[in-house]
Amino acid sequence: MPLLSEYSVKATPDRGIVQVYDADAYVGDDDAWEAAKEEVVGGNGRHLFLLSLQSAIKATVTVRIWDTPTPPPTDAEGHVPVRIESPTGILVINQFTMGPTGDTTLPQPGIYEGHAWWTGRQATADYYNDVLDQMDEDPDLDLGEAWLACPAEERYTLDLALRQERIPTDAVS
């Protein structure tokens, strides 16, 4: 199972959302959003929503492309199967209203399948809520410093493998 490519970037889960989508994708839809609320990560073909439990502490988003599908790690907090269509071969990582934080070029355009998994999601949310509670006692608390001092790291990883090189026109979302 050789790793073909790996890309990581920090993204602020603006309004609790980080998005991963094909560079030519349209805005996500309600079904994708509802799936994310149920499963943490949900999509509609060309667009994935990653749903954080907080909205200020940067999370690491990693896209890994393997030559064959890989199983999710046993120490992941959770995982779900995912599929993303990328006719451009470029995936964008977006911070919802804050804009893109990065993009990665896939080995080739096509349909990729695999799984999304995450760690540190709950620990980061707990820290976030504790800091907000501290603001009642200390209104001068520097939130920027507090967010940087988070002892947990929220991570979302997409482990994908190419399933189909060409995207049929009826599969385009």
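We did not get these values from a lab; they are worked out from the coordinates using the rules stated. Every value quoted in this text rests on a predicted model; they were computed, and no experiment measured them. Here the Cβ is made from the backbone with ideal geometry for all residues, glycine too, and neighbour counts use every protein chain on show.
Of note:
- Between helix 30-39 and the chain there is an angle of about 60 degrees, using the helix long axis and the longest principal axis of the Cα atoms.
- Translational diffusion coefficient (Stokes-Einstein; Kirkwood radius from C-alpha pairs) of the stretch 31-85 at 4 °C, 1.567 mPa s, in µm²/s: 102 µm²/s
- Cα-Cα pairs of the stretch 54-93 separated by more than 10 Å (percent): 83 percent
- Shown here for the stretch 82-173: trypsin sites (Lys or Arg not before Pro) in loop regions (DSSP other than H, G, I, E, B) with at most 12 other Cβ atoms within 10 Å, namely R166.
- Considering the chain at the alpha-carbon level, its Rg and Dmax are found to be 16.6, 58 Å.
- By the Cα gyration tensor, the stretch 88-136 has an equivalent ellipsoid whose semi-axes, rounded to whole angstrom, run 33, 15, 6 from largest to smallest.
- Beta bridges assigned by DSSP with both partners in the chain are antiparallel in approximately 85 percent of cases.
- Part-to-part distance (alpha-carbon centres) for the stretch 73-111 and the stretch 23-64, which is given in Å: 9 Å
- Neighbour count of at most 16 Cβ within 10 Å plus DSSP loop: longest GluC sites (Glu not before Pro)-free window in the chain: 1-76
- For the chain, the longest principal axis of the Cα atoms and the long axis of helix 121-137 meet at an angle of about 30 degrees.
- Net charge of Cβ neighbours under 15 Å - reference C150; Lys, Arg +1; Asp, Glu -1: -3
- In the stretch 94-173, the ratio of gyration radius to Kirkwood radius, Rg to Rh, stands at 1.17 when only Cα atoms are counted.
- Counting Lys and Arg as +1 and Asp and Glu as -1 over every other residue whose Cβ lies under 14 Å from the Cβ of P71, the net charge comes to -2.
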